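Asker: Sharing a structure here in structure tokens format.
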């Protein structure tokens, strides 16, 4: 949810190294990044901070997962992919490689999913026809329990 | 793995090449988009889906399939939850497994589950690419829930030629309409040329009515109406034809018929069957061959019945009121039957154990007649039967007393009086069964040999002082040989001291036991010479035995069947009657039959209506001429009168999606008059027929006739 | 000439493949005739209720039709043809025991309009005779059915 922005980022991992020159820190070995309700698991995470303090997180691994509570609803949004690039300033998370985003029971599957946590909009690319999803995107929406009769 | 799990009810599954969206709000997809929800599958080039409203907009080209239909078109605006929406340039087709129905139009509206409306539409029931006919209408409503389609200001075009316009028409979607009558029906022949337009009104699921206004060039305006109802416990129909001002007859003509049967529960049932026409010549002027032939006595009866059954017996009772309207004919006056107002009948059967069973037949009837003796009659016929039933045979002695009491009104010079008649009746039925395996024409059969002896003893009694309310002499056949009384009804009981001997042999298929051939011979041997005639006087019998009866019938191969009977009159030592019927039906649509019948004396044998011989040959057939073409024909010639009694010839053409029939029929309608009828029918597959429906006539005229549009081409 | 009295030692007797049967279906008019024909089969009882019967004989289709067969030269009916067609199925606990059996019986009824009341009763005499005939043919064919469906089907139904 939006309140996460102001929360401190906490990262723990097996090992972490600081590269002052490039201005980024690298964490490896089942890395867990938490910020408020946001929580990311990955094998390797690289956090870079530019001079204005904007952060970008790049998480890679066999399966990178992220989980965040929705605004004003006690529903969670979860995602997984082989790589996650999160850019704080634009609130966009780009999941690449067999990407999935699940919100409540709704599910989006594709090769690359670009998701804006602010506007909750997403663009999905199917990827190569030879890829796991054969270049196709799939969305599964559960019946509307509220109001409309299914 | 979510992909291949069975989609839960109400779940929407969408896949595409490209996709973008906003959670809980909308999705835009592009590149062979596929959306699945319950039984609905939508494919399109692009799609916008508004999740909250379950609304999908799809375009450039879409196809939406669901349980009852497949609709494709250019633009779609559709609510997947409520199944409502519109489509542009729709192509509609009924779903696989349902009766073919295809159509297209400017726009289509989805009006909920299984309900569609095509606007400015064109539709037919033919397979794709076959536009030999179509229905053009401003709107066609299709409801696959109730399986009824409706078209508004519809025009039917056949081979491009408009042949019918009607502001409103409805038709079955499951081929379920009754006789498939569709507007208009067209008849021509001796009854004049008649055009009528039936309107089928589906009032409620099991109530329907057909109103048929029409015009006959000889008779003037006509109105037919039929109301039918079908409920679990009761069903019936009321039908009438009204001709308010018959030009030729200069008066109003009408026909009424009403049937009703109802199960009242706990064993009770009631019903009525009433038929009435305005005058004696009604059927001659308006009726078909069947109406004329069997339309002499029109029954009007109502009944209340009760029946109960328990393990060892049954009881049935019925209160009935019945009278007949007898249509007289100038040439051959017909005897008006008595009316039974009312008649109370009861029959009971009770098994007493050790093979014994008691039976009671009782009847109390009030007979009325315009000219003859009237009165009431009580009949009570209790009897006891002992039956020994074994696998090798049976023995069934029966003893009963037939008691009849008449209370007759004054009649001319005779004063009212009571008359009774009591006759003991003893009979013993016995039979043996023999089997053996055998072969006939090369196939194996089990042949049975069944001798049967039936002894009957009834004291002979003069009965010419008794009226004849309902008795007539039964024609001799194998059922009658083993019957207690030569006369039906209860007014005449023949004296008897006789033994009926019969022998029959059956050839049973040795695998299934089904009877393929049966030969029987039978005769009655009289030990007393007393013989009762229908008018009640006893006369001397001149021979010791009754007519000799032979019969042979069978179906040795699936396509050949024959039926034959020979009766030899011992008294006159002449042939009394014989007939031979041969049927050849190799496949549906191919049938041929020949029947020959000779009867030494029938009551309407000679032209002047006096009893005389009957000699008739009847050849009938239906045969394919060429692909899709069939010929039907019947020739029923009376050798005795040297004139044909019925000639029928016609052609049928079945083009898969429509069938055309042209049938001409010429038949004898009285001893001096013949009538003809022409049937022209265009039957549109599963929609109904236009013109006059010859199917009943063909079914009766040609044994083994089958509807060619049911035969796979 | 090879004929054996049915049911005695030498005859190729066709025993009923069941000991008790429950009759149902149709409008019930065939039932008394089926009972009489079955009574001639040794050790077969007709039960009152379905549950204590080894087999059930159900009339699945019963069709009665009376059509004009012959017309006299005055255009009136001289003979009607009566056709009684019945289809029955033997089953054990819902499992069909052999194919459905169809029997068609035909009789012709001499007719004359001036004796309509008498002909009404003669017609019912013929219908009864046709039902007796059909019942006997059905019971004969029951004897030709193979063993119960359960036995050779392996799985106990």
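The values are calculated or read from the model by the stated rules, or taken from the named source; none is laboratory data. Computed from a predicted structure; not experimentally measured. Here Cβ is always computed from backbone atoms with ideal geometry, including for glycine, and neighbour counts include all displayed protein chains.
Asker: Being in contact (Cβ under 8 Å) with a residue 60 or more places away in the chain and touching a strand residue (DSSP E or B) at 6+ places or on another chain (Cβ under 9 Å) narrows it down to one of B:487, B:482, B:478, so name that one.
Answerer: On the way: B:487 fails: in contact (Cβ under 8 Å) with a residue 60 or more places away in the chain; B:482 fails: in contact (Cβ under 8 Å) with a residue 60 or more places away in the chain.
After applying the criteria, what remains is B:478.
Asker: Would a scan of region B:304-323 turn up a residue that is touching a strand residue (DSSP E or B) at 6+ places or on another chain (Cβ under 7 Å) and under 30 Å from residue B:675 (Cα atoms)?
Answerer: yes
Asker: Of the residues in region C:30-53, how many are away from every other protein chain (no Cβ under 12 Å) and in a helix (DSSP H, G or I)?
Answerer: Going through region C:30-53, the residues away from every other protein chain (no Cβ under 12 Å) turn out to be C:30, C:33-34, C:50-53.
Applying the additional criterion that residues be in a helix (DSSP H, G or I) yields C:33-34.
Number satisfying all stated conditions: 2.
Asker: Just wondering, is there one or more residues in region A:15-26 that are surrounded by 18 or more Cβ atoms within 10 Å (Cβ to Cβ) and either in a strand (DSSP E or B) or free of Cβ contacts under 8 Å to residues at least 12 places away in the same chain (or both)?
Answerer: Yes: one or more hits.
Asker: I'm trying to understand the selection: among the residues of region B:390-423, which are buried (at least 17 other Cβ atoms within 10 Å of the Cβ) and either away from chain C (no Cβ under 14 Å) or in contact with a helix residue (DSSP H, G or I) (Cβ under 8 Å, 6 or more places away or on another chain) (or both)?
Answerer: Within region B:390-423, B:400, B:402, B:404, B:406, B:408, B:421, B:423 qualify.
Asker: Could you check how many residues of region B:440-463 are surrounded by fewer than 19 Cβ atoms within 10 Å (Cβ to Cβ), more than 38 Å from the chain's Cα centre (by Cα) and at pLDDT 90 or above?
Answerer: Of the residues in region B:440-463, 6 are surrounded by fewer than 19 Cβ atoms within 10 Å (Cβ to Cβ), more than 38 Å from the chain's Cα centre (by Cα) and at pLDDT 90 or above.
Asker: Restricting attention to region C:134-149, does a residue exist that is within 27 Å of residue B:612 (Cβ to Cβ), in contact with a helix residue (DSSP H, G or I) (Cβ under 7 Å, 6 or more places away or on another chain) and within 11 Å of another protein chain (Cβ to nearest Cβ)?
Answerer: Pass one, region C:134-149, residues within 27 Å of residue B:612 (Cβ to Cβ): none.
Taking every residue of region C:134-149 in turn, none turns out to be within 27 Å of residue B:612 (Cβ to Cβ), in contact with a helix residue (DSSP H, G or I) (Cβ under 7 Å, 6 or more places away or on another chain) and within 11 Å of another protein chain (Cβ to nearest Cβ).
Asker: Also: Only one of (1) modelled with pLDDT of 85 or more; (2) more than 22 Å from residue B:95 (Cα to Cα); (3) out of contact with any strand residue (DSSP E or B) (no Cβ under 8 Å at 6 or more places or on another chain) fails for residue B:47. Which number is that?
Answerer: Against the list (1) modelled with pLDDT of 85 or more; (2) more than 22 Å from residue B:95 (Cα to Cα); (3) out of contact with any strand residue (DSSP E or B) (no Cβ under 8 Å at 6 or more places or on another chain), residue B:47 comes up short only on (3).
Asker: Report those strands (runs of 3 or more DSSP E) wholly inside region B:424-521 carrying at least 2 residues which are away from every other protein chain (no Cβ under 14 Å) and over 24 Å from residue C:80 (Cβ atoms).
Answerer: Hits in region B:424-521: B:443-458, B:496-509.
Asker: Would you list the strands (runs of 3 or more DSSP E) that sit entirely within region B:1-99 and hold 1 or more residues that are buried (at least 16 other Cβ atoms within 10 Å of the Cβ) and away from chain A (no Cβ under 13 Å)?
Answerer: Strands (runs of 3 or more DSSP E) meeting the threshold: B:40-50, B:55-66, B:69-73, B:76-79, B:84-88, B:91-94.
Asker: While we're on this one: Give, as residue ranges, the strands (runs of 3 or more DSSP E) completely inside region B:596-696 that count at least 3 residues that are more than 13 Å from chain C (Cβ to nearest Cβ) and closer than 30 Å to residue B:98 by Cβ.
Answerer: In region B:596-696, the matching strands (runs of 3 or more DSSP E) lie at B:643-654, B:658-668, B:674-684, B:688-691.
Asker: Just need a number here: residues in region B:341-354 that are at the interface with chain C (Cβ under 9 Å from one of its Cβ atoms) and surrounded by fewer than 16 Cβ atoms within 10 Å (Cβ to Cβ).
Answerer: 0
Asker: Before we move on, is residue A:67 surrounded by fewer than 16 Cβ atoms within 10 Å (Cβ to Cβ) and in contact with a strand residue (DSSP E or B) (Cβ under 7 Å, 6 or more places away or on another chain)?
Answerer: When the stated conditions are applied, residue A:67 does not pass them.
Asker: Tell me, yes or no, whether region B:512-522 has at least one residue that is more than 22 Å from residue B:584 (Cα to Cα), surrounded by 15 or more Cβ atoms within 10 Å (Cβ to Cβ) and more than 38 Å from the chain's Cα centre (by Cα).
Answerer: Scanning region B:512-522, I find no residue that is more than 22 Å from residue B:584 (Cα to Cα), surrounded by 15 or more Cβ atoms within 10 Å (Cβ to Cβ) and more than 38 Å from the chain's Cα centre (by Cα), so the answer is no.
Asker: Of all residues in region B:697-710 being in a loop (DSSP other than H, G, I, E, B) and out of contact with any helix residue (DSSP H, G or I) (no Cβ under 8 Å at 6 or more places or on another chain), which is farthest from the other protein chains (Cβ to nearest Cβ)?
Answerer: Ranking the candidates gives B:706 first.
Asker: Does region B:530-537 contain any residue that is surrounded by fewer than 19 Cβ atoms within 10 Å (Cβ to Cβ), touching a strand residue (DSSP E or B) at 6+ places or on another chain (Cβ under 9 Å) and part of a loop (DSSP other than H, G, I, E, B)?
Answerer: Yes - at least one qualifying residue is present in region B:530-537.
Asker: Given the criteria more than 11 Å from chain B (Cβ to nearest Cβ) and surrounded by 17 or more Cβ atoms within 10 Å (Cβ to Cβ), does residue C:69 qualify?
Answerer: Answer is no for this residue.
Asker: Here's something else I'd like to know. Out of all the residues in region C:54-64, is one or more under 28 Å from residue B:473 (Cα atoms), facing chain B (nearest Cβ under 9 Å) and either at pLDDT 90 or above or not in a strand (DSSP E or B) (or both)?
Answerer: no
Asker: Here is a further query. Within region B:282-299, can one find any residue that is within 13 Å of another protein chain (Cβ to nearest Cβ), surrounded by fewer than 18 Cβ atoms within 10 Å (Cβ to Cβ), in a strand (DSSP E or B) and touching a strand residue (DSSP E or B) at 6+ places or on another chain (Cβ under 7 Å)?
Answerer: yes
Asker: Turning to a different aspect of this structure: Could you tell me which residue of region A:109-123 is farthest from the other protein chains (Cβ to nearest Cβ), considering only residues that are in a strand (DSSP E or B) and over 13 Å from the mean Cα position of the chain (by Cα)? Let's see the steps before the verdict.
Answerer: Residues of region A:109-123 that are in a strand (DSSP E or B), as a first pass: A:109-116, A:121-123.
When the remaining residues are screened for being over 13 Å from the mean Cα position of the chain (by Cα), the result is A:109-111, A:121, A:123.
Details: A:109: 7, A:110: 7, A:111: 11, A:121: 5, A:123: 4 Å.
It comes out as A:111.
Asker: All but one of (1) at pLDDT 85 or above; (2) more than 9 Å from every other protein chain (Cβ to nearest Cβ) hold for residue C:27; state the number of the condition that does not hold.
Answerer: Just one mismatch for residue C:27, condition (1).
Asker: Moving on. Here's a check for you: in region A:133-142, which residue that is assigned to a loop (DSSP other than H, G, I, E, B) and either within 20 Å of the chain's Cα centre (by Cα) or facing chain B (nearest Cβ under 7 Å) (or both) is surrounded by the most Cβ atoms within 10 Å (Cβ to Cβ)?
Answerer: Filtering region A:133-142 down to residues assigned to a loop (DSSP other than H, G, I, E, B) leaves A:133-136, A:142.
Cutting the leftovers down to either within 20 Å of the chain's Cα centre (by Cα) or facing chain B (nearest Cβ under 7 Å) (or both) gives us A:133, A:135-136, A:142.
Values: A:133: 19, A:135: 17, A:136: 21, A:142: 14.
Across region A:133-142, the extreme among qualifying residues is A:136.
Asker: Mind listing just one residue for me: the one in region B:108-135 that is buried (at least 19 other Cβ atoms within 10 Å of the Cβ) and within 35 Å of the chain's Cα centre (by Cα) and, of those, farthest from residue B:39 (Cα to Cα)?
Answerer: B:133
Asker: Take the residues of region B:319-340 that are surrounded by fewer than 17 Cβ atoms within 10 Å (Cβ to Cβ) and touching a residue at least 40 places away in the same chain (Cβ under 8 Å): which is farthest from residue B:259 (Cα to Cα)?
Answerer: For region B:319-340, the residue satisfying everything is B:331.
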